1. Pairs only if they're at least six apart or on different chains, beta carbon under 8 angstrom, first in the range 51-77 and closer than 17 Å to Thr33 by Cβ and in a loop (DSSP other than H, G, I, E, B), second at pLDDT below 75 and not charged (D, E, K, R); list them, first residue then second.
2. Among the numbered criteria (1) out of contact with any Pro (no Cβ under 9 Å at 6 or more places or on another chain); (2) part of a loop (DSSP other than H, G, I, E, B), which one does Ala11 miss?
Amino acid sequence: MVPERYSNVKAAAVILRRHVIVGSGSIILPGVTLEEGTAIGALSLVRKSTEPWTVYAGIPATKNINAEESKSKSGDGTVGHIVTRSGR
């Protein structure tokens, strides 16, 4: 067993606000708050609290898309667009 003085264990709550999506295999460190509408990509490491209505992904998780900004830029009320690849 490791003596307590040598372990760097932090215990704190993880707060998930409304409409949060967390991808599978993601790790959220103690003390982080995921604000309303935040989406976390799969296998991401979230070390800091997030901004509302934003998509984060990666190790460490970084801000990728702000849904409100994307919505206002498109003008038609949609958020972003879907890009697909075809093998043809």
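1. As it stands, the answer is Glu51/Asn66; Trp53/Asn66; Trp53/Ala67, since those pairs meet every condition given.
2. Of (1) out of contact with any Pro (no Cβ under 9 Å at 6 or more places or on another chain); (2) part of a loop (DSSP other than H, G, I, E, B), only one is false for Ala11: (1).
The values are calculated or read from the model by the stated rules, or taken from the named source; none is laboratory data. Note that this is a predicted model, so its numbers are computed, not measured. Neighbour counts run over all protein chains shown; Cβ positions are idealised from the backbone, glycine included.
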